[in-house]
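Since the structure comes first, as structure tokens, the remarks are kept for the end.
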Amino acid sequence: MELNSDKAVNSFKAGYNCAQSVLLAFKDDLGFDENLASSISVGFGGGMGRLQEKCGAVTGAFMVIGLYSSKMYQDNPSRKNHSYSLIQQFDQRFKSIHHTTQCKELLGCDLRTEEGHAYAVENQLFQKICEKCIVDSVRIVEELTAPASL
């Protein structure tokens, strides 16, 4: 059985962005439509539309947490409160590993410039940093949701 982290990395290597890759890794666990999820998350890569703000692996994890909370609670206030709590815990854990959730800080270059993108490619930052952020995001989500199980 393929691990969710392997599913996520394989999606990333197949051309999906970080957010899509993390979100789609949980499609079987949470039973959502792959095409809709892929479409919703398409603009979240590169730190939100390549603005290099919040890391796509992080926003993908936030989407998974929202779906997970929606499966647990029928009423919206409980869904929101549960999501907010898990997102805050996720943020703390991700920052304890990477010290930031900002794409530009994680990569250390500006992907919106030719030079920055070339630097990322030459130094294999997508493989070294993005894949690690994807794997860590999936692992953290699994840890946060494990007691209730997906």
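So is GLY56 touching a strand residue (DSSP E or B) at 6+ places or on another chain (Cβ under 8 Å), within 16 Å of GLU131 (Cα to Cα) and surrounded by 14 or more Cβ atoms within 10 Å (Cβ to Cβ) or not?
Values: touching a strand residue (DSSP E or B) at 6+ places or on another chain (Cβ under 8 Å): no; within 16 Å of GLU131 (Cα to Cα): yes; surrounded by 14 or more Cβ atoms within 10 Å (Cβ to Cβ): yes.
So GLY56 fails the test.
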key: Selection within the range 4-31 - more than 12 Å from the chain's Cα centre (by Cα), among the hydrophobic types (A, V, I, L, M, F, W, C) and either modelled with pLDDT under 95 or outside any loop (DSSP other than H, G, I, E, B) (or both)   = LEU30
ask   = Among the residues of the range 4-20 satisfying the criterion of being among the aliphatic types (A, V, I, L, M) and in contact (Cβ under 8 Å) with a residue 40 or more places away in the chain, which is farthest from GLU34 (Cα to Cα)?
value = VAL9
query = What is the one condition in (1) crowded, with 16+ Cβ neighbours inside 10 Å; (2) in contact (Cβ under 8 Å) with a residue 24 or more places away in the chain that MET72 does not satisfy?
reply = (1)
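Residue by residue, here is whether (1) in contact with a helix residue (DSSP H, G or I) (Cβ under 8 Å, 6 or more places away or on another chain); (2) within 19 Å of GLY116 (Cβ to Cβ) holds:
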site	(1), (2)
ASN17	yes, yes
VAL22	yes, no
ASP28	no, no
LEU36	no, no
SER39	no, no
GLY46	yes, yes
ARG50	no, yes
query = What is the number of the single condition among (1) surrounded by fewer than 15 Cβ atoms within 10 Å (Cβ to Cβ); (2) of a type outside the set (Ser, Thr, Tyr); (3) more than 16 Å from ALA19 (Cα to Cα) that ARG93 does not meet?
reply = (1)
query = Does the range 81-100 hold any residues that are free of Cβ contacts under 8 Å to residues at least 40 places away in the same chain and either of a type in the set (A, V, I, L, M) or in contact with a Pro (Cβ under 9 Å, 6 or more places away or on another chain) (or both), and which are they?
reply = ILE87, ILE97
task = Scan the range 107-123 and give yes if some residue there is surrounded by fewer than 14 Cβ atoms within 10 Å (Cβ to Cβ), among the hydrophobic types (A, V, I, L, M, F, W, C) and in a helix (DSSP H, G or I), otherwise no.
result = yes
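Name the residue, out of SER96, SER78, SER69, SER85, that is within 19 Å of LYS27 (Cβ to Cβ), out of contact with any Asp or Glu (no Cβ under 6 Å at 6 or more places or on another chain) and hydroxyl-bearing (Ser, Thr, Tyr). Working first, answer last.
On the way: SER96 fails: within 19 Å of LYS27 (Cβ to Cβ); SER78 fails: within 19 Å of LYS27 (Cβ to Cβ); SER85 fails: within 19 Å of LYS27 (Cβ to Cβ).
One residue alone meets the criteria, SER69.
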inquiry  = Here is a check on your reading of the model: is SER78 more than 24 Å from LYS7 (Cβ to Cβ), without any contact (Cβ under 8 Å) to a residue 24 or more places away in the chain and small (Gly, Ala, Ser)?
reply    = yes
ask   = Only one of (1) of a type outside the set (A, V, I, L, M); (2) more than 30 Å from LYS71 (Cβ to Cβ); (3) in contact with a Gly (Cβ under 7 Å, 6 or more places away or on another chain) fails for THR113. Which number is that?
value = (3)
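Scan the range 125-146 and give yes if some residue there is closer than 23 Å to SER11 by Cβ, modelled with pLDDT under 95 and buried (at least 16 other Cβ atoms within 10 Å of the Cβ), otherwise no.
Of the range 125-146, the ones closer than 23 Å to SER11 by Cβ are 125-146.
When the remaining residues are screened for being modelled with pLDDT under 95, the result is 145-146.
Applying the additional criterion that residues be buried (at least 16 other Cβ atoms within 10 Å of the Cβ) yields 145.
Yes - at least one qualifying residue is present in the range 125-146.
The values are calculated or read from the model by the stated rules, or taken from the named source; none is laboratory data. All figures in this text were calculated on a predicted structure; none of them were measured in a lab. Using ideal geometry, Cβ is built from the backbone for each residue, glycine included, and neighbour counts are taken over all protein chains shown.
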